[in-house]
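Report on the structure given below.
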Amino acid sequence: MGRVVMYSSVSVDGFVADESDQPGPLFDWLSSGDVPLDESGELKVSQTSYDYTRPYWDQIGVTIVGRHVFDLTDGWEGKPPGGIDHVVVVTHRPAPEGWDPEAPFHFVDGVEAAVAKAQELAGDRMVEVAAGDVGGQVLAAGLIDEVRMDVVPVVFGSGKRYFGSVHAQHLLEDPDVVLQGDRVLHLRYRVRRCRADAERRRTGAGCGYQ
């Protein structure tokens, strides 16, 4: 199965949006360069950011989001963002009334079931988990393989945290990617595995030193 990756652009102090769910300048780096990132022509980044971001996007088969993000975006009008094949929505509620049942969106109750569904759909391709509350829950469940951050030089002070409501300790390996783009720092960390993931999930404890 493909890797499960937690990802978002993030402020220096660890927020993916402000208190009103606004990203502010977190995505400005996607339009600050001169290399087209996709066929729309609207996204243009530095060459460094292109060489890092484009191959990553091409590997994603499925994205997992929470119902809050789904509602904020109006479900992307039934079309997965960025050319992704499927979106898995973690929610306790059914699809919205009138939702097209043929749209490649899958409504799943619980993060473990969501990851299982996403991996089934993705096959060997990557599963991306949106950072925030759902991403933090997937990390706490021991199901994240890799954490990616595009760190933007801004301080929010408060807002929606990258790791959501995670409070327990989770160790990451040293970053194996550190790249400076235009108004962004690309970071990639592998998640350090605990010796007893099943017990950690049962007790809700974080991953400590091994």
When the dipole is taken about the Cα centre of the chain, and only Lys, Arg (+1) and Asp, Glu (-1) are charged at their Cβ, what size is it in debye, to the nearest 20?
920
Under a plain spin-label model, where a point goes 7 Å from the Cα along Cα-to-Cβ, how far apart in nm are Glu39 and Asp51?
2.6
Over the chain, average the accessible area per residue using a 1.4 Å probe and give it in Å², no decimals.
52
Accessible surface of Ser32 - all protein chains present, 1.4 Å probe, nearest 10 Å²:
50
Taking the reciprocal of mean 1/r across every pair of different Cα atoms in the range 130-197, the Kirkwood radius in Å is 13.1
With the contact rule set at Cα under 8 Å and sequence spacing of 6 or more, what percent relative contact order holds for the range 1-148?
35
Using only C-alpha positions, report the orientation-averaged shadow area of the convex hull of the range 74-148, nm², one decimal.
5.4
Rounded to 0.05, the calculated FRET efficiency for the beta carbons of Asp13 and Thr73 at R₀ = 30 Å is 0.75
For Val155, Val127, give the ranking by accessible area with the largest first, probe 1.4 Å.
Val155, Val127
Under the helix-only model (-39500 (n - 2.57) for each DSSP H run of 4 or more, divided by the residues of the chain), the mean residue ellipticity at 222 nm, to 500 deg cm²/dmol, is -6000 deg cm²/dmol
Between Glu120, Glu112, Glu97, which gets the highest mean-square fluctuation from a Gaussian network model of the chain, Cα cutoff 10 Å?
Glu97
Labelled set [x] 25, 23, 17; [y] 22, 21, 17; [z] 28, 21, 17; semi-axes √(5λ) of the Cα gyration tensor in Å computed from this model equals the value at [x]
Quick one: with all protein chains in place, what share of the accessible area of the chain is carbon or sulfur, to the nearest percent (1.4 Å probe)?
49
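The values are calculated or read from the model by the stated rules, or taken from the named source; none is laboratory data. Worth saying up front: this structure is predicted, and the values here are computed from it rather than measured. Every residue, glycine among them, receives a Cβ derived from its backbone with ideal geometry; neighbour counts consider all protein chains shown. With ligands, DNA and RNA removed, areas are computed over all heavy atoms of the protein, side chains included. Shrake-Rupley method; radii C 1.70, N 1.55, O 1.52, S 1.80 Å.
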